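Taken together, the values in this text are just the output of simple stated rules run on the coordinates, not laboratory data. These numbers were taken from a predicted model, which means no experiment stands behind them. Counting neighbours? That spans all protein chains shown, and the Cβs are built from the backbone with ideal geometry, glycine included.
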Amino acid sequence: MVKFVKISRQAVEHVALLARLELSEQEIGTYTEQLNTILDYAAILEKLDTSEVQPTAHAVPLHNVLREDEVRVSMPQEKVLQNAPDAENGFFRVPKIV
Amino acid sequence: MAWSDTYEMVCGVETHVELATKSKIFCGCTTEFGGEQNTHVCAVCSGLPGVLPVLNKEVVNLAIKAGLALNGEIAEFSKFDRKNYYYPDLPKNYQTSQYDLPICKNGWLEITVDGAKKRIGITRAHMEEDAGKLVHSGETITSSDESYVDYNRTGVPLLEIVSEPDLRSIAEVVAYLEQLVQILDYTQVSDCRLEQGSVRFDINVSLRPKGTSDLGTRTETKNLNSFASVRHCMEYETERQAEVLDAGDKVVQETRTWDEGKGITISLRSKEEAHDYRYFPEPDLVPLVIERSWVEEIRRTLPELPTERRMRYESLGLSEYDAGVLTSSRALADFFDEALSRYADAKILTNWVMGEFLRLLKANQQSVLDSPISPVQLAELLELIDKGSISGKIAKGVLEDMYATGKDAALIIKEKGLGQISDEAALAEIVEQVIAAHPQSVEDYRAGKERAIGFLVGQIMKATKGQANPSLVNKLLKEKLS
């Protein structure tokens, strides 16, 4: 059985940064431990012999669900902007990007 | 000393092409360009929770078509993946794209630079959704305090075409891009309106010492949308990298942006930018199984491509240059072909299309598609010249009138009384009047001064407002003077 690589504190900090999450020192410790527990549990699957199994692209055995190229009515602008934290003149307004 | 004496350039290009569908890739919102901000948006493309995307079949058709035209292999099994990153033009915080199983792989196209042909590899082409459009409050993204987001473009279908790092000069890069856009135009996979951003280029470039084979560190300059800006940007960026290397420093691998106004590339690097997209299979879309019958059905719809068309034109006796100009856009080549089906002399037709016709389009700042003159109308004008109804000189004026009014040549000639006088009796009368009015010239001619006849021809042309059939005038004059 392949043993999963342990999740380090640095890995948790990196993922938190990518997900734009601000974690306290204590939280980093908690999540490092919890993530490792989850991975250990999922590692049970490693007991299965999957050498003859194609990688799964989707959990549902369906393919080619397609629609015709037809235009439908969009939402009114005020609906689109309804949940915007900030908007001006029909645009979403966002803070400095880079 | 130019950097190219010391270094060799290695370049690969990622090209984003908006596919010519009516509706977006995963929802029914229109793909129409323009429109008031945030009015071509629905729950799916704005990324509201709980919605499900459904793939537009026409996107797959067009992607297969482009893949075939680029000599690629069309996948039998393909799927979508999520590319995760935070940027305000992306409402879902991920872009639905394709990662390990793109729809097309291993294509190529051929370029010609300075007479030498070279095959440029195309690593892959994959389908994805376009992002929204950002309008910055300042002049550039880096100098702006805030930005405004319009999601009309979000979800417009894109094909991202990734080249191999096979390009070794700016001339090769531009030739590759021109050839690529021509193929996309001919196959009508995209409307190819570069000025509207429907084709955008990301340029990956690095330098390495001449004679070495290891790749240098590259930079990526994103979102160029004209051949001229690609050229200028690459001139700047290669020079910049050469200066860094000459100083013994290292080029930083980073994303840069082109500031057209200043003519420089600017780093977009930030502490937070980490190219860690954590791709995973898109659970909201089921995979694609592409039967070979589907691919063959689309292969049958492929038009004659630019290279084939150039070769056909050259086989008609046209020069390589002329064939290149005529095939530069599908619209022009189609115009030429339609006229050619009516008027068979390819060389005369080429002279008129490339001369007067293109001149009129340029003067009126119009494209071939906007031309008020149809190919058949041009062919009819040329037939009238051949029949002797009008001279070539008068025909140029008639073409201008046709352009201005959209009327047929024959009608304009009739309305303006421009028809060439080929009536022998009518012309003979004028010839006699001119002879009678200019006894000195007649005497000179009879005394052996051949040139005197030119003066008499000129007088006859003047009397007929240039409408006399020149060969008939010569024949009649000689008869009467002998």
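Check B:His136: other-chain or 5+ apart residues with amide H under 5 Å from its amide H, H built from backbone geometry?
B:Tyr148
Starting from the 7 Å offset along Cα-to-Cβ, what nm value, one decimal, do you get for the label separation of B:Asp249 and B:Thr212?
For B:Asp249 paired with B:Thr212, the spin-label model returns 1.8 nm.
Pull up all non-local amide H partners of B:Asp81: gap of 5 or more, or a different chain, and H-to-H distance under 5 Å with H placed in the peptide plane.
It is B:Ser97, B:Gln98, B:Tyr99, B:Glu282, by chain and number.
Mind checking the full-extension length gain between B:Glu110 and B:Ser4? Use 0.36 nm per residue of separation minus the Cα-Cα distance, one decimal, nm.
Working: separation 106, 0.36 × 106 = 38.16 nm, distance 2.38 nm.
Extending this stretch completely gives an extra 35.8 nm.
Using +1 at the Cβ of each Lys and Arg and -1 at the Cβ of each Asp and Glu in the protein assembly as shown, identify which of B:Ala410, B:Thr96, B:Met461 lies farthest towards the dipole's positive end.
B:Met461
In debye, nearest 20: dipole of the protein assembly as shown around its Cα centre with unit charges on the Cβ of K, R (+) and D, E (-)?
1220
Could you work out the mean count of beta carbons from other protein chains within 10 Å of each residue's beta carbon in B:3-12?
0
Which residues' amide hydrogens lie under 5 Å from the amide hydrogen of A:Asn64, considering only partners 5 or more residues apart or on another chain, with H built in the peptide plane?
When sequence neighbours closer than 5 places are left aside, the close amide H contacts are B:Leu288, B:Val289.
If you keep only loop residues by DSSP, which GluC sites (Glu not before Pro) in region A:25-58 have at most 16 other Cβ atoms within 10 Å of their Cβ?
A:Glu52
Got a sec to turn the phi values of region B:460-477 into Karplus ³J(HN,Hα) couplings, 6.51 cos²θ - 1.76 cosθ + 1.60 with θ = phi - 60°, whole Hz, x for Gly and Pro?
Rounded to whole hertz, the list is 5, 4, 4, 5, 9, 6, x, 8, 5, 5, x, 5, 5, 4, 4, 4, 5, 4.
Report, ordered by chain and residue number, the lysines lying within cross-link reach of B:Lys210, taken as a straight Cα distance under 26 Å and ignoring same-chain residues fewer than 8 apart.
Leaving aside lysines fewer than 8 places away in the same chain, those within reach of B:Lys210 are B:Lys117, B:Lys118, B:Lys250.
Under a straight-distance cross-link criterion of Cα-Cα below 16 Å, which lysines are reachable from B:Lys22, leaving out those fewer than 8 residues away in the same chain?
B:Lys57
Please compute the average number of Cβ atoms from other chains found within 10 Å of each residue's Cβ in peptide A:80-92.
The per-residue average across the peptide is 5.
Relative to the Cα centre, what is the charge dipole magnitude of region B:220-360, using +1 at the beta carbon of each Lys and Arg, -1 at the beta carbon of each Asp and Glu, and rounding to the nearest 20 debye?
260
Between B:Ile264 and A:Val65, what is the spin-label point distance in nm, taking each point 7 Å from the Cα along the Cα→C-beta axis?
A separation of 5.1 nm, rounded to one decimal place.
What ³J(HN,Hα) values, in whole Hz, does the Karplus curve 6.51 cos²θ - 1.76 cosθ + 1.60 give for region A:45-61 when θ = phi - 60°, with x put for Gly and Pro?
Using θ = phi - 60°, the values come out as 4, 5, 5, 6, 8, 10, 4, 9, 9, 5, x, 7, 8, 7, 6, 9, x Hz.
Which lysines, if any, have their Cα less than 21 Å from the Cα of B:Lys387, not counting same-chain residues under 8 positions apart?
B:Lys347, B:Lys396, B:Lys407, B:Lys414, B:Lys416, B:Lys465, B:Lys475
Efficiency by 1/(1 + (r/R0)^6): what FRET value for B:Glu415 and A:Val73, r their Cβ-Cβ distance, R0 = 56 Å, to the nearest 0.05?
0.65
Starting from region B:178-217, pick out the trypsin sites (Lys or Arg not before Pro) whose DSSP state is loop and whose Cβ has at most 16 other Cβ atoms within 10 Å. Let's see the in-between values first.
On the way: sites: B:Arg193, B:Arg200, B:Lys210; in loops: B:Arg193, B:Lys210.
In loop regions of region B:178-217 (DSSP not H, G, I, E or B), the sparsely surrounded trypsin sites (Lys or Arg not before Pro) are B:Arg193, B:Lys210.
I need the phi-derived Karplus couplings for region B:312-319: 6.51 cos²θ - 1.76 cosθ + 1.60, θ = phi - 60°, integer Hz, Gly and Pro marked x.
After applying 6.51 cos²θ - 1.76 cosθ + 1.60, I find 5, 5, 5, 5, 7, x, 7, 6 Hz.
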